[in-house]
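Data first, discussion second: the structure below is written as structure tokens.
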Amino acid sequence: MAKFIIVVLDGFGVGEMPDVASVRPQDLGANTAGKLLNHFPLKKLPILEKLGLINIVGQANSVMALSAIANWGKAKLAHYGCDTFMGHQEIMGTHPKPPMIRPFQESIDNIEKALLQAGYSVDRITRDSLQLLMVNNSVVVGDNLEADLGQVYNLTANFSQISFEEVKKIGYVVRSANAVSRNIAFGGFVPSINNILNAIETKTDKYGNPCYIGVNAPDSGAYDNGFQVIHLGYGVNAQTQVPYQLNQAGIHTYLYGKVADIVQNETGTSYTSIVDTGKVFELLINDLRQHDQGFFCANVQETDLSGHQQDPKRYWTILEKADKGLNTIIDEMKQEDILVVMADHGNDPFIGHTKHTREQVPLMIYRSGIEGIQLGTCETLADVGASACAYFKALSPEFGEPTIYQQLRGIIPHAKHALT
């Protein structure tokens, strides 16, 4: 009986991807973890230090030191851009496909037509010559302004006027009428729809022309009270992913936080719409104590939110909470259990913009009795999911190689890191 545990520190990248100069020049110099360590040189994250954070980041102006016992490496992003949704699909073994980039303005007619045919009341709202949609006077549909522009559409709802179940129905109608990679239907109990309308913003294209229109979700208040969300992806086959393959092998799967909102897990246990870091760890640790076997994956979303807010102080505070949670997890682990601490992309709070940054991610692996393995650099996040399937002797997902599990088992030769 054994457990495979993944904790995703959302947005905690460790340096720009090799292709940044050509595909995302705005992210040149991005290094979320490295810059945070340099910004807080006298502060420590003792468990991440033990797990090899400094080994991964390299020399930093920090009291934290290299770890001789760490099993550590990096992973590259195989998906285009640096999107939380595609990052988690990749972790779960999906072979990323190039996303369609289409401003909401190019999809508004089809979406409006589908909503009207489904019997909804639809109004157009105009800002800076651009339009978005308001459905039943309670849901605003437009571009997602936090992700890569043109790849995601948001439905921002006021649950004081409409139920989440009804918002999900509207979301499925919107999803059926466009082909961008993700539609997100979410909301909270907001005092008035005007709070959402007042948070509408427009963004320009690279030529300075108004091109994107949507709701600034944090400013709308949708996250503040009773937040619930569903992520509706395009072109993702759940039957090729880790939860499905593990279920076929009789292994129960548990998802916590944003990964539960994103990844299909119909036969497992999903704790959705959990943003608070303490609550994510509380639920995860409770299940680890109650179950002797299973696949457990938790997302710490508040690191990512701190990056969006360009708030390094809050970012570090969340890392301290996560570090304590990881300490408790390690205390609960048995000899055969495996813990993987990683990220899905970067979100450098010093970069000068509020979007994700295209960075490699850390791989920090803990298993009792295994020490000092340098894992190298995986070509895709999917190697983690593939390793989980190999660990439980399940069929592999569609993408990724079980290189991490093989190295822990000694199947692939490894070199110990020479501490200097």
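The values are calculated or read from the model by the stated rules, or taken from the named source; none is laboratory data. Since this is a predicted model, take the numbers as computed values, not measurements. Counting neighbours? That spans all protein chains shown, and the Cβs are built from the backbone with ideal geometry, glycine included.
Name every residue in segment 215-237 that is among the small types (Gly, Ala, Ser) and under 15 Å from residue 192 (Cα atoms), in order of residue number.
In the first step, residues of segment 215-237 are kept if they are among the small types (Gly, Ala, Ser); the result is 217, 220-222, 226, 233, 235.
Within segment 215-237, 217, 220, 221, 222, 226 meet the criteria.
Do you know which residues across segment 48-78 are closer than 15 Å to residue 371 by Cβ and touching a residue at least 40 places away in the same chain (Cβ under 8 Å)? Let's see the steps before the verdict.
At the first step, the residues of segment 48-78 found to be closer than 15 Å to residue 371 by Cβ are 49-52, 55, 66-73.
51, 52, 55, 66, 68, 69, 70, 71, 72, 73, listed by residue number.
Only a single criterion out of (1) assigned to a helix (DSSP H, G or I); (2) in contact (Cβ under 8 Å) with a residue 12 or more places away in the chain is not satisfied by residue 340, namely (1). Among the residues of segment 243-259, those identified as modelled with pLDDT of 95 or more and either in the same structural domain as residue 189 (by TED's automatic domain parsing) or not in a loop (DSSP other than H, G, I, E, B) (or both) are 243, 244, 245, 246, 247, 248, 253, 254, 255, 256, 259.
When the residues of segment 321-355 are filtered to those that are of a type in the set (Asp, Glu) and farther than 13 Å from residue 368 by Cα, the one that is surrounded by the most Cβ atoms within 10 Å (Cβ to Cβ) is 344.
Every residue in segment 216-232 that is in contact with a helix residue (DSSP H, G or I) (Cβ under 6 Å, 6 or more places away or on another chain) and not in a loop (DSSP other than H, G, I, E, B), please.
Pass one, segment 216-232, residues in contact with a helix residue (DSSP H, G or I) (Cβ under 6 Å, 6 or more places away or on another chain): 220-221, 228-232.
220, 228, 229, 230, 231, 232 - these are the residues of segment 216-232 that are in contact with a helix residue (DSSP H, G or I) (Cβ under 6 Å, 6 or more places away or on another chain) and not in a loop (DSSP other than H, G, I, E, B).
Can you tell me which residue is surrounded by the most Cβ atoms within 10 Å (Cβ to Cβ) among those in segment 178-194 that are touching a Lys or Arg at 6+ places or on another chain (Cβ under 7 Å) and of a type in the set (A, V, I, L, M, F, W, C)?
Among those that are touching a Lys or Arg at 6+ places or on another chain (Cβ under 7 Å) and of a type in the set (A, V, I, L, M, F, W, C), it is 185.
Going by the conditions given, is residue 119 free of Cβ contacts under 8 Å to residues at least 12 places away in the same chain and not hydroxyl-bearing (Ser, Thr, Tyr)? When the stated conditions are applied, residue 119 passes them.
The set of residues in segment 20-51 being surrounded by fewer than 19 Cβ atoms within 10 Å (Cβ to Cβ) and either not in a helix (DSSP H, G or I) or not assigned by TED's automatic domain parsing to the domain that holds residue 329 (or both) consists of 28, 29, 41, 42, 43, 44.
Restricting to segment 362-402, name every residue that is outside any strand (DSSP E or B), surrounded by fewer than 24 Cβ atoms within 10 Å (Cβ to Cβ) and in contact with a strand residue (DSSP E or B) (Cβ under 6 Å, 6 or more places away or on another chain).
In the first step, residues of segment 362-402 are kept if they are outside any strand (DSSP E or B); the result is 368-369, 371-372, 379-402.
Then drop every residue that is not surrounded by fewer than 24 Cβ atoms within 10 Å (Cβ to Cβ), which leaves 368-369, 371-372, 379-380, 390-396, 398-399, 401-402.
372, 391, listed by residue number.
Identify, please: which residue in segment 403-412 is of a type in the set (A, V, I, L, M, F, W, C) and buried (at least 19 other Cβ atoms within 10 Å of the Cβ) and is, among those, farthest from residue 244 (Cα to Cα)? Talk me through it step by step, then tell me what you get.
Here is the first cut: in segment 403-412, the residues of a type in the set (A, V, I, L, M, F, W, C) are 404, 408, 411-412.
Filter once more, keeping what is buried (at least 19 other Cβ atoms within 10 Å of the Cβ): 404, 408.
Values: 404: 20, 408: 24 Å.
Taking the candidates together, the pick is 408.
Which members of segment 116-137 meet the condition of being of a type outside the set (Asp, Glu) and in a strand (DSSP E or B)? Talk me through it step by step, then tell me what you get.
The initial filter retains those residues of segment 116-137 that are of a type outside the set (Asp, Glu), namely 116-122, 124-127, 129-137.
122, 124, 125, 126, 127, 130, 131, 132, 133, 134, 135, listed by residue number.
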